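Visitor: Quick one: structure below, then a few questions.
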Amino acid sequence: MSYIEVRNLKKNFVVKKKREKGKLLREKETVKALKDLSFSVDEGELVGYIGPNGAGKSTTVKILSGILTPDDGEVSVGGIVPWKERKRHVKNIGVVFGQRSQLWWDVPIIDSFKLLKDIYRIPDKAYEERLGELILALDLEDFIRTPLRLLSLGQRMRAELCGSLLHRPGLLFLDEPTIGLDAVSKLALRDFLKWENKEYGTTIMLTTHDMEDIAALCSRVMVLGHGQKLFDGKLPDLLERFDTVRNVSVKYADGDPCLKLPEGVMTKKTEDGLELSYEPAKLPTAQLLSILQDAGNIRELTLQPENTDHLIAAMYKELDL
Amino acid sequence: MNTLRLYIRSMGMLLRSHLQYTSSFIMQTIAQLVMEGGEMMAVILIVDRFQSLKRWTGGNLYFFFGMMAVSFYFTELFGRGITGDFPSMVRSGRLDTFLVRPRGVLTQVMCAGADPRRISCIAVGIVALIIGSDLSGIVWSPLKVLVLIEAIVMSCLLILGLFMIEAIFSIFSVKSVELVNAITYGGRSACQYPIDVFPLALRMLFTVVAPFALTLHVPASWILGKPLYGWPWWSAIVTPFSGVMVFGFMSVLFHLALRHYRSTGS
Amino acid sequence: MRSYISVFKMRFRMELQYRGAMIGGVLCQMFFGLVLVALYRALYEGHPQSVPVENVVTYVWLQQGFFRMILASDPELLDKIRTGDISYDMCRPVNMYGFYYARIMALKLTGSIMRAVPMFVMAFLLPKGWGLSLPASLFSFLAAIPALMLGLLCVCAIENITVAFTMITLDPRGIQGLLNLLMMILSGNILPLTLFPDSWQKVITLFPYAQLLDAPIRIYTGDHGLESILGVYMLQGIWIVLLLAFGIYMWEQNRKRMIVQGG
């Protein structure tokens, strides 16, 4: 059995509609947040979990972390049913909510860590060891005695990560960890997560809207939409499936030659060369390249994959999300 | 033991958080002092005009007032998480962070809120207790001291239990502040006077539903040497335990409600 | 003038939206009223006073019904002060004192009328000696209405001064708490002013806080003859002028300070 097992998970929410004029009671509406979701994750995997807003990502994470009780279905994390044995389960997980902090606003973050030590009943020695390690890995030394409210967004996120990893959880949930961070902080954060995953085999499940996070970190990606799983596999496979249009720019040494291209390839002349866009499904890349090579003396050629964000947008559109 | 240490450390951190805004903290503490002083002033003015309330002397009235003030504001001091902050913990998603930690939710809620400004209200209550005891000529014995402490602790638990009604409602995202106020703050207003001066309906409400009569009035009356309803002396020791019963019952309901918690926001 | 009226209309509609909270509020207030009435009735047993118990009971119900008029009413405004957003408002071309005066009045009027009417109906239906009594005469009822209106003008001016103070200290909660309490005690909400020691009453009834509810209630229960009613109106008028003048002065000072500081 895998580390995380999810079978036929269902969760509905009853939402009260706005009161209509002339009616005494508000009507209720059932929203199916998750309909029949199944997947499994092995120990040590780094899984990206994506989908548009309202797809059911947060609901899944909240059920897996024991906050919500599902209506139907089975979940087991390391052999424990989260909502049945909440305390035993959460001892071994760490959760970072992108928007809400678990550290204290007005006191130095080191004091928040000390409190977390008591909450998780971490022995003194283990705590000192782990804290020292995390301070180094996350570069917290400079602001460990500063109250949270005086920290920058990037520093805050690093502190949050430290807080949720002090008790050495085997499973870490990250909810949009890079939201609002600058480029340097993002890169540092990704490096840290990779390190933590490699060093301790921590299983990480990451929800995000940032495709670069996924590309940099996750060996596996799951796409959720309308409460269902739409894709589960490697990122390149996902991209390939929806990678409908690609761009090539080419520069010739001695003037643009006249190209004989099959139908469906768009050509655009730019200042110092040509830009072509083609559909790999209809015209294999190798075939296009040989046509270009035969036409003249190539000085420079770049193959650009479509921007991942565009791809995802195209995918959501195609899947009618 | 570990839980106690956690609680004490949390309280220390809360106090330090409050002291980050020193002038505001002092100002608010003074405001609380004046506010509770004003409440006591009303009792003093009543005693000045009427001298007594049925069989209770002015001194007795101060004693009852002090008992209620000390109980109520100790609850607010140490149980602010339940008596005030819980609905906003639900709204802001802080409850989610409690749920992903290996500790009781109620423990964490209690650890997350304290209102040290109430210390001034408690001071007023203690002054009222001392004046009341002196004017009533209470002869203190170790047993009476124990019963007094028991009554205050049990009343605190009762008040916490009553405020948990609001907490439970807010888990279901139902706004109920006004109605719950009637029984909590209303209970304080009514039960700072001896219960037997009120008509039957109110007496029933505060004996059966929100048993301030049992946790506070029965022992206080016995200490004053005027047993309530002529009940035997041991009732003063037994009846206050209804406070811990209400608290226990509400805790069970609270945990049942958490099973139906639907965390808001994405 | 039109912008003031639209503030009124908007508030009224918003108030109507929260019917659930309003019903809860009325029931809660009824409960507090019943407890107080029970207490005063118990106190009166064996200790008759110069003020008949029926008048005290009526006093309690009118106080409870108009509770919203006394309480500081505008949490949004306080938030604006705390966050400093108020400085944007201060630089607008509209007269901000007038704007917030209208807003506070709208809040107080809508909040209390919608709670008072159902409460008074219920309080009238209670058994004699427990419920709201009829006014002493038709005349005293009619005479109480202008006193209530003048009282409202008074209390809105007081609240605007409070707001001006909080703008200086930037810490609304402390000051607000203190001034609310002063208001609750000196307007007779915690203990009817008619039960204060007689010598105190002579002074306290001259205070602006007493003008809001204590003055009209005393007229309603027939405590005043025609001459002293006119005296009450006069006193209320004087306070209104003084409080308005002081409030406007303070707001103007604040505005100048904020423009200099640039927010």
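Laboratory data are not the source of any read-out in this text; all were calculated from the coordinates shown. If you're wondering where the values come from, they're calculated on a predicted model, not measured in any experiment. Virtual Cβ from ideal backbone geometry, glycine too; neighbours counted across all protein chains shown.
Visitor: Just the number, please: percent antiparallel of the DSSP beta bridges in region A:107-262, rounded to the nearest 5. Mind showing how you got there, number by number?
Guide: Numbers: 6 of 11 bridges.
Taking every DSSP beta bridge with both residues in region A:107-262, the antiparallel ones total about 55 percent.
Visitor: What Kirkwood radius, in Å to one decimal, follows from the Cα pairs of region A:95-140?
Guide: By the Kirkwood definition, the hydrodynamic radius is 11.6 Å.
Visitor: Any chance you could tell me what percent of the C-alpha pair distances in chain C go past 28 Å?
Guide: Numbers: 12834 of 34453 pairs.
Considering chain C, 37 percent of its Cα-Cα pairs are separated by more than 28 Å.
Visitor: I've got another one for you. Tell me, what is a quarter of the convex hull surface for the C-alpha atoms of region A:166-321, in nm² with one decimal? Don't skip to the answer; put the middle values down first.
Guide: Values: hull surface 50.6 nm².
Dividing the Cα hull surface by four gives the mean projection, 12.6 nm².
Visitor: So which GluC sites (Glu not before Pro) in region A:20-124 end up in coil per DSSP with only 15 or fewer other C-beta atoms within 10 Å?
Guide: Numbers: sites: A:20, A:27, A:29, A:43, A:45, A:74, A:85; in loops: A:20, A:27, A:43, A:45, A:85.
In loop regions of region A:20-124 (DSSP not H, G, I, E or B), the sparsely surrounded GluC sites (Glu not before Pro) are A:20, A:27, A:43, A:85.
Visitor: Normalising by the residue count of region B:2-258, find the relative contact order in percent from Cα pairs under 8 Å and 6+ residues apart.
Guide: Details: 319 pairs, mean separation 62.4, N = 257.
Result for region B:2-258 is 24 percent.
Visitor: If you don't mind, there's one more thing I want to ask. What's the local net charge at residue A:261, with K and R +1, D and E -1, over the other residues with C-beta under 15 Å away? Walk me through the intermediate numbers first.
Guide: Working: positive: A:246, A:260, A:268, A:269, A:282; negative: A:256, A:263, A:275, A:279, A:294.
Overall, the nearby charge balance is 0.
Visitor: Per-residue Cβ counts within 10 Å, from other chains only, averaged over B:48-55: what number is that?
Guide: If you average over the peptide's residues, the count of other-chain Cβ atoms is 5.
Visitor: Provide the per-residue ³J(HN,Hα) series for region C:152-162, in order, calculated from phi with Karplus coefficients 6.51, -1.76, 1.60 and θ = phi - 60°, each as a whole number of Hz, with x at glycine and proline positions.
Guide: So the Karplus estimates, Gly and Pro as x, are 5, 4, 5, 6, 5, 5, 4, 5, 5, 5, 4 Hz.
Visitor: Once you keep just the Cα pairs under 8 angstrom separated by 6 or more residues, what percentage relative contact order results for chain C? Spell out each step's value before the answer.
Guide: Working: 270 pairs, mean separation 69.3, N = 263.
It rounds to 26 percent for chain C.
Visitor: Report the antiparallel proportion of the DSSP beta bridges in chain A as a percent, rounded to a multiple of 5. Display every interim value, and only then the final one.
Guide: Details: 38 of 56 bridges.
Restricted to chain A, the bridges split so that about 70 percent are antiparallel.
Visitor: Looking at the protein assembly as shown only, what percent of DSSP beta bridges run antiparallel? Nearest 5 please. Let's see the in-between values first.
Guide: Numbers: 40 of 58 bridges.
In the protein assembly as shown, DSSP labels about 70 percent of beta bridges as antiparallel.
Visitor: Which order do peptides C:123-132, C:208-217, A:110-119 fall in by mean Cβ count within 10 Å, highest first?
Guide: Numbers: C:123-132: 14.9, C:208-217: 26.2, A:110-119: 19.9.
Ranking the peptides C:123-132, C:208-217, A:110-119 by packing returns C:208-217, A:110-119, C:123-132.
Visitor: Each label point is 7 Å from the Cα along the Cα-to-Cβ direction; what then is the distance between the points at residue C:202 and residue A:279, in nm?
Guide: About 10.0 nm, to one decimal.
Visitor: About the Cα centre of region A:199-302, what is the dipole size in debye to 20, counting +1 per Lys and Arg Cβ and -1 per Asp and Glu Cβ, all else neutral?
Guide: Details: 11 positive and 17 negative charges, 65 e Å.
Taking the Cα centre of region A:199-302 as origin, the dipole is about 320 debye.
Visitor: Ratio of Rg to Rh for chain A, alpha carbon only, Kirkwood?
Guide: 1.08
Visitor: Using every Cα-Cα pair within region C:208-262, state what percent have a distance larger than 17 Å. Mind dumping the intermediate values first?
Guide: Details: 766 of 1485 pairs.
Summing the P(r) of region C:208-262 above 17 Å gives 52 percent of all pairs.
Visitor: Just checking the output field for C:177-185: average partner chain Cβ neighbours within 10 Å of each residue's Cβ? Could you put the intermediate results ahead of the total?
Guide: Values: counts 8, 9, 1, 2, 8, 3, 0, 4, 8.
Per residue, the average neighbour count from other chains is 5.
Visitor: Count, for each residue of B:193-201, the Cβ atoms from other chains sitting within 10 Å of its Cβ, then give me the mean as a whole number.
Guide: Mean shielding count: 3.
Visitor: Filter the trypsin sites (Lys or Arg not before Pro) in region B:1-105 down to the DSSP loop ones having no more than 15 other Cβ atoms within 10 Å, then list what survives. Intermediate values should be presented prior to the final figure.
Guide: Working: sites: B:5, B:9, B:16, B:49, B:54, B:55, B:80, B:91, B:94, B:103; in loops: B:54, B:55, B:103.
For trypsin sites (Lys or Arg not before Pro) across region B:1-105 that sit outside H, G, I, E and B with at most 15 neighbouring Cβ atoms in 10 Å, the list reads B:54, B:55.
Visitor: Against the empirical 2.2 N^0.38 Å scaling, what ratio does the C-alpha Rg of the protein assembly as shown come to? Each step should come with its number before you reach the end.
Guide: Values: Rg = 34.0 Å, N = 850, 2.2 N^0.38 = 28.5 Å.
Working it through for the protein assembly as shown, the quotient is 1.19.
Visitor: Now for a different question. By how many nm would the segment from residue A:303 to residue A:43 grow when fully extended, if each residue of separation counts as 0.36 nm and the alpha-carbon distance is taken off? Provide the component values of the computation, followed by the final result.
Guide: Working: separation 260, 0.36 × 260 = 93.60 nm, distance 3.64 nm.
Result: 90.0 nm gained on full extension.
Visitor: Another question, then. Cα atoms only: what Rg and Dmax, in Å, come out for region B:98-184?
Guide: Calculated on Cα positions, Rg and Dmax stand at 17.6, 54 Å.
Visitor: Can you list the residues of region B:246-261 with backbone N under 19 Å from a point 7 Å past the Cα of residue A:31, pointing along Cα to Cβ?
Guide: B:260-261
Visitor: Report, to the nearest 10°, how far helix C:2-17 tilts away from the longest principal axis of the Cα atoms in chain C, using its own Cα long axis and a range of 0 to 90°.
Guide: 60
Visitor: Follow-up question, since we're still on this one. For chain B, what is the Kirkwood estimate of the hydrodynamic radius, computed as the reciprocal of the mean inverse distance between distinct Cα atoms, to one decimal in Å? Provide the component values of the computation, followed by the final result.
Guide: On the way: mean 1/r = 0.0515 Å⁻¹.
Roughly 19.4 Å, rounded to one decimal.
Visitor: Taking each full run of DSSP H in chain B as one helix, which ones are at least 27 Å long along their axis (Cα atoms) and have mean Kyte-Doolittle hydropathy of at least -1.0? Please report the intermediate quantities before stating the final value.
Guide: Numbers: long enough: B:22-50 (42 Å, 1.01); B:58-78 (30 Å, 1.04); B:142-171 (43 Å, 2.24).
Helices meeting the span and hydropathy rule in chain B are B:22-50, B:58-78, B:142-171.
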